[in-house]
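Peer 1: The structure is given below, and queries will be raised subsequently.
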Amino acid sequence: MTRTRMPAATAPRTAALLVAAALTVTACGAGGTAAGARDAGPAAAQARIPTTDVVSGVRKDPAAAALLPADVRARGTLRLASSIGTPPGATYLPDGRTPAGQDIDFADAVGKVLGLKLTREVAGFEAILPALDSGKYDVGTGNFGVTDERRRTLDFVTYINDGQGFAVRRDSPLKKVTALTRLCGLKVATGAGTTFEATLTEHRHECTDAGKPPYDVQTYADQGALWISLQQGRSDVVMSTVNGLRYAVAQQPGLRFLNEFKRLDVGFAFKKGTPLAPAFRAAVNRLKKEGTYDRILRKWGTTPSALAVSRISPPEIH
């Protein structure tokens, strides 16, 4: 069982902001609902969120649970921080309070395999990783890509493969981004504190090195605002997760998915040196063996993101 803790006003306020963002886009002639979230997705398509229960039938696996530290087994609980955005990663159901999404299902299923109660606290994407290091949370979810930079200070247990990609308005002349220099002179919108922001910032100099105007990196903590910026022409292209972009474009007229740019494994995040990693890896692999893993991916339309096996902090995919 997973219990969710959040400030009383947080969820309704978030839902209201997302609805407001959707209405703003529609009122400005976008011809559809807005999309918005950390992983990119439709903010106002709540009726389309799948609600199939694929987790309640999961049973505890004594072998996986035996890998937990003795104090965790005795306590029977873990503190889980979840970044909530929109599908397929994580969002709220129409009640504005109940988390739903691929990340939510995987965390809940792993908790059941390990026989643990997860106390979920909703937290901002940028806040989760440093909070893990400080010991505030035991584990975090938020479509965290496993990069070499992050592996220096954190541990990860992988459960899907996603990656970086781009989306544009349908009338954009941009056809494919094979190198970041294809973005020179453009306004690129992305999520604040993400690997996308880090990648864009790191390589921005390549434009000036090539004698071209640099691209402008526009970061958004509120993803509804990010998609509004694209719809209204204040940005030229969005960089985000492959799964999230595909989902968002499918829900919004006038946008198109451009292409994948780079693949990344995605994992549960932990403080460096955590003793929890072997148990989480065993739990994910148990879910693969008994079928729940594939059912979660089918539910959220992300079957191409399946991993052959879960690993602990694997090297970044280059």
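Residue by residue, here is whether (1) buried (at least 24 other Cβ atoms within 10 Å of the Cβ); (2) assigned by TED's automatic domain parsing to the domain that holds GLY140; (3) among the polar types (S, T, N, Q) holds:
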site	(1), (2), (3)
ALA65	no, yes, no
ALA70	no, yes, no
ARG79	no, yes, no
ALA90	yes, yes, no
ASP95	no, yes, no
THR98	no, yes, yes
GLN102	yes, yes, yes
THR119	no, yes, yes
GLY124	no, yes, no
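Peer 1: Can you tell me how many residues in the stretch 296-318 are surrounded by fewer than 19 Cβ atoms within 10 Å (Cβ to Cβ), of a type in the set (Gly, Ala, Ser) and within 17 Å of the chain's Cα centre (by Cα)?
Peer 2: 2
Peer 1: Would you call TYR293 surrounded by 18 or more Cβ atoms within 10 Å (Cβ to Cβ) and outside the structural domain of LEU68 (by TED's automatic domain parsing)?
Peer 2: In short, no.
Peer 1: Condition check: part of a helix (DSSP H, G or I), outside the structural domain of ILE104 (by TED's automatic domain parsing) and among the aliphatic types (A, V, I, L, M). Does VAL249 satisfy that?
Peer 2: Against the criterion (part of a helix (DSSP H, G or I), outside the structural domain of ILE104 (by TED's automatic domain parsing) and among the aliphatic types (A, V, I, L, M)), VAL249 qualifies.
Peer 1: Of all residues in the stretch 249-259, count the ones that are surrounded by 22 or more Cβ atoms within 10 Å (Cβ to Cβ) and touching a helix residue (DSSP H, G or I) at 6+ places or on another chain (Cβ under 7 Å).
Peer 2: Within the stretch 249-259, residues that are surrounded by 22 or more Cβ atoms within 10 Å (Cβ to Cβ) and touching a helix residue (DSSP H, G or I) at 6+ places or on another chain (Cβ under 7 Å) number 1.
Peer 1: Could you identify the single residue in SER82, SER134 that is out of contact with any Phe, Trp or Tyr (no Cβ under 6 Å at 6 or more places or on another chain) and modelled with pLDDT under 95?
Peer 2: None of the other options fit; the residue is SER134.
Peer 1: Can you spot a residue in the stretch 248-265 that is under 25 Å from LEU118 (Cβ atoms), over 21 Å from the mean Cα position of the chain (by Cα) and in contact (Cβ under 8 Å) with a residue 24 or more places away in the chain?
Peer 2: no
Peer 1: Here's a follow-up. Taking GLU206, is it among the acidic types (Asp, Glu) and closer than 20 Å to LYS176 by Cβ?
Peer 2: Taking the combined requirement at face value, the residue satisfies it.
Peer 1: I've got another one for you. Looking at THR178, THR190, which is the one that is over 26 Å from ALA123 (Cα atoms) and either touching a Phe, Trp or Tyr at 6+ places or on another chain (Cβ under 9 Å) or assigned to a loop (DSSP other than H, G, I, E, B) (or both)?
Peer 2: After ruling out the rest, the residue left standing is THR178.
Peer 1: I would also like to ask the following. Suppose we keep only residues that are assigned to a helix (DSSP H, G or I) and surrounded by fewer than 20 Cβ atoms within 10 Å (Cβ to Cβ) within the stretch 130-149. Which one would you say is farthest from the chain's Cα centre (by Cα)?
Peer 2: SER134
The rows are residues; the columns are (1) touching a Pro at 6+ places or on another chain (Cβ under 9 Å); (2) in a helix (DSSP H, G or I); (3) modelled with pLDDT of 90 or more.
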| position | (1), (2), (3) |
| --- | --- |
| ALA15 | yes, yes, no |
| LEU23 | no, yes, no |
| ALA74 | no, yes, yes |
| LEU78 | no, no, yes |
| VAL110 | no, yes, yes |
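Peer 1: Give me a count of the residues in the stretch 195-244 that are over 30 Å from ILE296 (Cβ atoms), part of a loop (DSSP other than H, G, I, E, B) and of a type in the set (Gly, Ala, Ser).
Peer 2: Qualifying residue count, the stretch 195-244: 4.
The values are calculated or read from the model by the stated rules, or taken from the named source; none is laboratory data. In this text the structure is predicted, and so the values were computed from the model without any measurement. Neighbour counts are summed over all protein chains in view; Cβ atoms, including those assigned to glycine, are modelled from backbone coordinates with ideal geometry.
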